[in-house]
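As structure tokens, the structure follows; a few thoughts come after it.
The values are calculated or read from the model by the stated rules, or taken from the named source; none is laboratory data. From a predicted model like this one, the values you see are computed outputs, not experimental measurements. Cβ coordinates were reconstructed from backbone atoms using ideal geometry, including for glycine residues, and neighbour counts include every protein chain displayed.
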4 protein chains.
Amino acid sequence: MLRLGMVGGGPGAFIGGVHRMAARLDGRWTLTAGAFSSDPDTSKAFGTSLGLAPERAYGDWTGMARAEAARADGIDAVAVVTPNHLHAPISLAFLAAGIPVICDKPLTTDLTSARALGDQVAQSRLPFILTHNYSGYPMVREARALMAAGRLGALRVVQVEYAQDWLARELPGNRQAEWRGDPDRAGPGGALGDIATHAFHLVRFVTGARVASLSADLATLVAGRRVDDNVHVQMRFEGGARGQLWASQVAVGAANGLRLRIYGEDASLEWSQEEPDLLRFTPLGEPPRILRRGGPGLSSDATAATRLPAGHPEGYLEGFAQIYADAAELIGAHQQGRAPNPLAQLAPGIADGIEGVAFISAVVESHGADGAWTRISP
Amino acid sequence: MLRLGMVGGGPGAFIGGVHRMAARLDGRWTLTAGAFSSDPDTSKAFGTSLGLAPERAYGDWTGMARAEAARADGIDAVAVVTPNHLHAPISLAFLAAGIPVICDKPLTTDLTSARALGDQVAQSRLPFILTHNYSGYPMVREARALMAAGRLGALRVVQVEYAQDWLARELPGNRQAEWRGDPDRAGPGGALGDIATHAFHLVRFVTGARVASLSADLATLVAGRRVDDNVHVQMRFEGGARGQLWASQVAVGAANGLRLRIYGEDASLEWSQEEPDLLRFTPLGEPPRILRRGGPGLSSDATAATRLPAGHPEGYLEGFAQIYADAAELIGAHQQGRAPNPLAQLAPGIADGIEGVAFISAVVESHGADGAWTRISP
Amino acid sequence: MLRLGMVGGGPGAFIGGVHRMAARLDGRWTLTAGAFSSDPDTSKAFGTSLGLAPERAYGDWTGMARAEAARADGIDAVAVVTPNHLHAPISLAFLAAGIPVICDKPLTTDLTSARALGDQVAQSRLPFILTHNYSGYPMVREARALMAAGRLGALRVVQVEYAQDWLARELPGNRQAEWRGDPDRAGPGGALGDIATHAFHLVRFVTGARVASLSADLATLVAGRRVDDNVHVQMRFEGGARGQLWASQVAVGAANGLRLRIYGEDASLEWSQEEPDLLRFTPLGEPPRILRRGGPGLSSDATAATRLPAGHPEGYLEGFAQIYADAAELIGAHQQGRAPNPLAQLAPGIADGIEGVAFISAVVESHGADGAWTRISP
Amino acid sequence: MLRLGMVGGGPGAFIGGVHRMAARLDGRWTLTAGAFSSDPDTSKAFGTSLGLAPERAYGDWTGMARAEAARADGIDAVAVVTPNHLHAPISLAFLAAGIPVICDKPLTTDLTSARALGDQVAQSRLPFILTHNYSGYPMVREARALMAAGRLGALRVVQVEYAQDWLARELPGNRQAEWRGDPDRAGPGGALGDIATHAFHLVRFVTGARVASLSADLATLVAGRRVDDNVHVQMRFEGGARGQLWASQVAVGAANGLRLRIYGEDASLEWSQEEPDLLRFTPLGEPPRILRRGGPGLSSDATAATRLPAGHPEGYLEGFAQIYADAAELIGAHQQGRAPNPLAQLAPGIADGIEGVAFISAVVESHGADGAWTRISP
């Protein structure tokens, strides 16, 4: 059992609780230390309420990094689940203390800090995992495996979307909405940083194809908002394939509608996050086949990320848990000086994080240049 | 019973047979005359095989226009179902002969001829119907009625797509594919003219909102093809709403995937042509409701376009037949010098046709200008 | 073009209009004569409103049978679309006049009259078609072809259901509801005769398997109703397979929910009337495949019953039209003294009608005997 | 954090791992002791592999009950996850030792032992939870709440089914299949005990209605099998409603297809385990509404059982975890001598277990009497 520390994720935070449940599910991590809030008293009280030993419910993360690094039984990794602008300084501090990092996305709020963090990760040689959690779903890994095995032939068209409606109105007083709507804490993107980055990573993860350039149109459809809430991007891939990306937080009726469709020369794939156990695979000239997690005809990539038999639905927490399972394997292997299970290397890392920030930058730049085709430069 | 003439739609043509079935379904039209092929013998033989009187199975459409105009029992309208480049000359000839026209889309292959045809229609004061048939579906009319009644609030986002896969490979020898892939007969667009125009009209029909400008990316993904087979467009509407349009004929696994999603300030709508009887309507903060043709809670617009009770599926032919039913009402009213039933005026007409060609032009222009935002100028 | 006569189907009747549209769709039938109402004036007025020649808009069906039989251009077939209790006398009269019959279901209201009608059909050697219209759907024919080709292996389990909700309340004044709720006109079954017979025929049509015995539970769930409105049947097939049948007209939220699932030793099939273009086929140990009308991988049985390409939805009228197309072929072949296209013999006939009435009788008998297993004796 | 012991669930067992993950998810239970196998060495080795202290990885459950009862830090409850025939003796032993029980279903293999266990539970006054886990799903609880609030009106029809295909062939050597196919260990039912009991409980849980009598048809469709693999039951409820239940383990293509449909006088409900986050609710005369876990319009019953926002799918483990969360509340309240949160009392208990065994008995009896209507006598 590995020891997990956490920075951020205090009372009322959504993603902190998700990380804790996901880490717990497979029995490979135990939450051992944390600095959960910028208010020291709140942080300590919340930590003890989670069952931490009082001395490991820290008042601040700088103290936590120092103290944990000094303990023989110090944490094996820290989960960074704060607002975006703190990802970089916290990650740097823990890496400097020799502690591997599991960081939420987007990596940082600007490309300079993302690259600097990348340098630090490289120098530290420590594992760094970025929780683009949707890549933990078994059927997303199946999609990637089918693509990698050439079953789709040459890539032609990608349609990806991520639609939500929770910001269809201003939400005064909502903590989640507040920092996400503040460019100083969230970075230059609203829906762009929060969800379009997930969609972009999903495309990159499944297809492996690089986006050569993009043309973007950002919109703020709710008056008074300081960041975008609707993102439209057209993409040209290396090799000539084309794509569209849509991300919106004002799409009334959408819950968490991340959906990917990939069309190759020989076959297509379709996956929707709200029915994550299914993957539609259609070879040209044949009827569509509905692949199901745990069912027949799957690769070992999917099977290895599966906990339950077919028809016993796995969901968001299981997909997220897979990233933690991969992190456990990567960090365990690092500790033991051995090569990790290659499948654990499917977990997103620092390079994905830098590319995500470069994607945000390119979208902002293209939008500012009236949709001019713009390169992504990680 | 009105008398219908037809130009085009001979042996092996897809859309001619559809027009004939659609015209027949409601018992308001009887096919009476036609010139079905550019080869006179083929044309005559095909006409008599359809049960036409021999003297009304014409060898060419110029003769047909002349002869029918001269008969006391001449046709009440002509259906023009030829390749695109002939829409204008044939329509002009029949209008000049005083015969109303039911024309397939796109209206013409260039904006000049479209505008000229528009002038001729205006001058003739004759009914002119354009078979953007998808606007005949009851639930598309329900969507329009909901939008028009303000149930969605201000428009924010439109996502429309039309995906097929029948051109995922070159189809040597396929008549349908051949002329559609020849710019001289199809016009400058491939998927653009053939299906993106349907998607564009659907957006216009349902929302009533004007597209202020668009940014387009055309692609030819099958080597050797002379026209586009994949269309990506981003749209800015008057009033600030944003949209994406995707049309493809290489989307492996897609059959006839025309799908529209509209997001307003207060509610959203979702409709898919492959399940045309259903319409998903979601008010903000409420569960989605599945409206069904023939079922409870519908407007008279939808009800008036309905033939069967709920659960007895209506399909493509019924939607197409509605355009013919509307045409019968418009032409009957014209003959009788009375105002038509206002619902019949939902049938697309010459203005829709000109705007469709202007859309094609704008897309081609934007694509040629590297995606520059371009106005649609009908 | 064949000449169709019609008995029943006057103002306000649902199924008469369906028969007329279905007969018209493929251009093989023209409505030529009819007796549409028990009131002679209504009948004549309605007939002329449909465009019939006045002398062929009859005041009563006995006169119509006599007069049409006497004409050189008499009708080629009569469609009997009256309430159930009149099916037998009208069919007998037209058969006696040498006129083929297209009769609605159930064949008659009791087994004695059904068998007598069967004898008369046999003796007359005239075509007799029963409009169990759901067997006209292409994908139902595909299901039958897959079963017949042994693709499912030995039959194991059948689950069939037909759920509606239009009788969830008493409907005073509704003509459709009125006669269906009157045992003198509808026969002993309510939902049993009206829709359970369709479900039963569908099972027989697709599987070809005989029901050895059944155990039934009828219920009248709306107080004051004189016939059943909910039907539960368990079935044992010859060969050992088992089945359940449910039919209900009080299933709130159901529109026209006829659904069939068949499980064999090696594969299964699933079809739903409300999405008639799709058929789910799952071989054991393989992912489900979604077969689509007009799409790849279908038999000639399905293809021959198809009017439109994949993704252009066909519906209830097209399926119904297929029965009329088959009838045209059967009657045309009879007139010409040739063997009909074998596929046309898929149209249900007199034997299906007798078996359907025997099914009703067996259900009523089993229910009366507290669910005792009861044989079907056609 | 409560301490959980486990009996059964050793290497290769499916449900043991599920219980452990479910118990872990919410952070309220920690696995502390166990006797996992009938082989003492296997049991101990497996326990230590799970991280148990060696002295609490027991060789047998009798020793475990004794030792844990004697410890100050003994387990707070034992999870009994053995084959069915051991549920009774193990539960009795732990209850006798003063330890609450969380037992898998069916409760026992015969009604006598079920009632005896019931007496012991009553006498001990200890919490006893039965893991009919599907009642832990939030939308199942929403269905129950809607029914209880009278939103459906009087109950009319229930259609429930539970279809799987994993036993479509004999599975020699499969541990799960082996004991389930042995009447000495599984009890008299195959699919009947394993899955039909879940379906029956689901009906009882959601509707609250009692089944007055049932008529059953069991079948063994795979030759050589000693227990049923297909179950057909017709039900008459107190108050006059009717129902059908189907359970099968040979339904090729079915994964874990538990599906419930309830029709009341005023509305209907539809829920499918494979999409557990959704619940279809249709009031008479209104369009269906798709209720979604975490979404708008739900009761506190559903909300209280929810971990994630709408669109972040929860699945089987989360539903199962809810039973463990309820158990934690019930046992915690018992320890503290306080009344538990009433919602925790939704967890199934001993009465549900006895009724489930009575259901099995009644089905077997009815089947043996050729489908005679038979009462359930718990």
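Only a single item in (1) touching an Asp or Glu at 6+ places or on another chain (Cβ under 6 Å); (2) of a type outside the set (Gly, Ala, Ser); (3) more than 22 Å from D:LEU31 (Cβ to Cβ) is not met by D:ILE331, and it is number (3).
Of the listed requirements (1) closer than 30 Å to D:GLY285 by Cβ; (2) part of a helix (DSSP H, G or I); (3) more than 17 Å from the chain's Cα centre (by Cα); (4) aliphatic (A, V, I, L, M), B:ALA344 misses just one: (3).
The requirement of being more than 14 Å from chain A (Cβ to nearest Cβ), touching a Phe, Trp or Tyr at 6+ places or on another chain (Cβ under 9 Å) and under 19 Å from D:VAL140 (Cα atoms) is satisfied by D:PRO348.
With respect to the stated conditions, C:LEU171 fails to be over 20 Å from C:LEU279 (Cβ atoms), within 14 Å of chain D (Cβ to nearest Cβ) and part of a helix (DSSP H, G or I).
For (1) farther than 26 Å from D:TYR134 by Cα; (2) free of Cβ contacts under 8 Å to residues at least 12 places away in the same chain; (3) within 14 Å of another protein chain (Cβ to nearest Cβ); (4) not aliphatic (A, V, I, L, M), each residue gets a yes or a no:
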site	(1), (2), (3), (4)
D:LEU31	no, no, yes, no
D:PRO54	yes, yes, no, yes
D:ALA77	no, no, no, no
D:ALA97	yes, no, no, no
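In the same structural domain as B:GLU68 (by TED's automatic domain parsing), touching a residue at least 60 places away in the same chain (Cβ under 8 Å) and over 25 Å from B:GLY332 (Cα atoms), is that true of B:ALA22? No, not satisfied. Of the strands (runs of 3 or more DSSP E) lying entirely inside the range B:1-102, those containing at least 2 residues that are touching a Pro at 6+ places or on another chain (Cβ under 9 Å) span B:77-81. Elements of the type strands (runs of 3 or more DSSP E) sitting completely within the range D:255-332 and holding at least 2 residues that are under 24 Å from C:ALA163 (Cα atoms) and facing chain A (nearest Cβ under 8 Å): there are none. Checked against the criterion of being among the charged types (D, E, K, R), within 16 Å of the chain's Cα centre (by Cα) and at negative phi, the candidates A:ARG20, A:ARG56 yield just one match: A:ARG20. Could you check the range A:365-378 and list, in sequence order, the residues that are more than 14 Å from chain B (Cβ to nearest Cβ) and surrounded by 19 or more Cβ atoms within 10 Å (Cβ to Cβ)? Scanning the range A:365-378 gives a single hit, A:ILE376. Six or more apart or on different chains, Cβ under 6 Å: which pairs go from a residue in the range B:159-177 that's closer than 27 Å to A:VAL233 by Cα to one that's of a type in the set (D, E, K, R) and at pLDDT 90 or above? Could you list them? The qualifying pairs are B:GLN159/B:ARG261; B:GLU161/B:ARG259; B:LEU167/B:ASP229.
Residues checked against (1) β-branched (Val, Ile, Thr); (2) more than 16 Å from the chain's Cα centre (by Cα); (3) crowded, with 24+ Cβ neighbours inside 10 Å; (4) in a helix (DSSP H, G or I):
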residue: B:GLN123; (1), (2), (3), (4): no, yes, no, yes
residue: B:LEU126; (1), (2), (3), (4): no, yes, no, no
residue: B:ILE129; (1), (2), (3), (4): yes, no, yes, no
residue: B:GLU142; (1), (2), (3), (4): no, yes, yes, yes
residue: B:MET147; (1), (2), (3), (4): no, yes, no, yes
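For the criterion of being of a type in the set (Gly, Ala, Ser), surrounded by 20 or more Cβ atoms within 10 Å (Cβ to Cβ) and within 21 Å of the chain's Cα centre (by Cα), D:ALA267 fails.
Once the range D:197-226 is narrowed to residues that are under 20 Å from the mean Cα position of the chain (by Cα) and among the β-branched types (Val, Ile, Thr), the residue that is surrounded by the most Cβ atoms within 10 Å (Cβ to Cβ) is D:THR197.
Give the residue, chosen from B:ALA358, B:ALA362, B:ALA372, that is outside any helix (DSSP H, G or I), aliphatic (A, V, I, L, M) and in contact (Cβ under 8 Å) with a residue 60 or more places away in the chain.
B:ALA372 is the lone residue from the list that is outside any helix (DSSP H, G or I), aliphatic (A, V, I, L, M) and in contact (Cβ under 8 Å) with a residue 60 or more places away in the chain.
Could you go through the range D:176-190 and let me know if any residue there is part of a strand (DSSP E or B), out of contact with any Ser or Thr (no Cβ under 6 Å at 6 or more places or on another chain) and either surrounded by fewer than 22 Cβ atoms within 10 Å (Cβ to Cβ) or outside the structural domain of D:ILE360 (by TED's automatic domain parsing) (or both). No, because not a single residue in the range D:176-190 is part of a strand (DSSP E or B), out of contact with any Ser or Thr (no Cβ under 6 Å at 6 or more places or on another chain) and either surrounded by fewer than 22 Cβ atoms within 10 Å (Cβ to Cβ) or outside the structural domain of D:ILE360 (by TED's automatic domain parsing) (or both). Restricting attention to the range D:237-254, the residues that are more than 9 Å from chain C (Cβ to nearest Cβ), in a loop (DSSP other than H, G, I, E, B) and on the phi < 0 side of the Ramachandran plot add up to 2.
What is the number of the single condition among (1) touching a helix residue (DSSP H, G or I) at 6+ places or on another chain (Cβ under 7 Å); (2) over 22 Å from C:HIS334 (Cα atoms) that C:ASP76 does not meet? Result: C:ASP76 passes all but (2).
Scan the range C:33-52 residue by residue and report those that are among the aliphatic types (A, V, I, L, M), more than 14 Å from chain B (Cβ to nearest Cβ) and buried (at least 20 other Cβ atoms within 10 Å of the Cβ). Those that are among the aliphatic types (A, V, I, L, M), more than 14 Å from chain B (Cβ to nearest Cβ) and buried (at least 20 other Cβ atoms within 10 Å of the Cβ): C:ALA33, C:ALA35.
If I filter the range B:297-306 for residues that are out of contact with any helix residue (DSSP H, G or I) (no Cβ under 6 Å at 6 or more places or on another chain), crowded, with 17+ Cβ neighbours inside 10 Å and not assigned by TED's automatic domain parsing to the domain that holds B:GLY27, do I get at least one hit? Within the range B:297-306, none of the residues are out of contact with any helix residue (DSSP H, G or I) (no Cβ under 6 Å at 6 or more places or on another chain), crowded, with 17+ Cβ neighbours inside 10 Å and not assigned by TED's automatic domain parsing to the domain that holds B:GLY27.
No other residue among D:TRP166, D:TRP179 is within 14 Å of chain C (Cβ to nearest Cβ) and aromatic (Phe, Trp, Tyr) apart from D:TRP166.
Is it true that C:ALA223 is assigned to a strand (DSSP E or B), out of contact with any Pro (no Cβ under 8 Å at 6 or more places or on another chain), in the same structural domain as C:MET147 (by TED's automatic domain parsing) and of a type in the set (Gly, Ala, Ser)? No, not satisfied.
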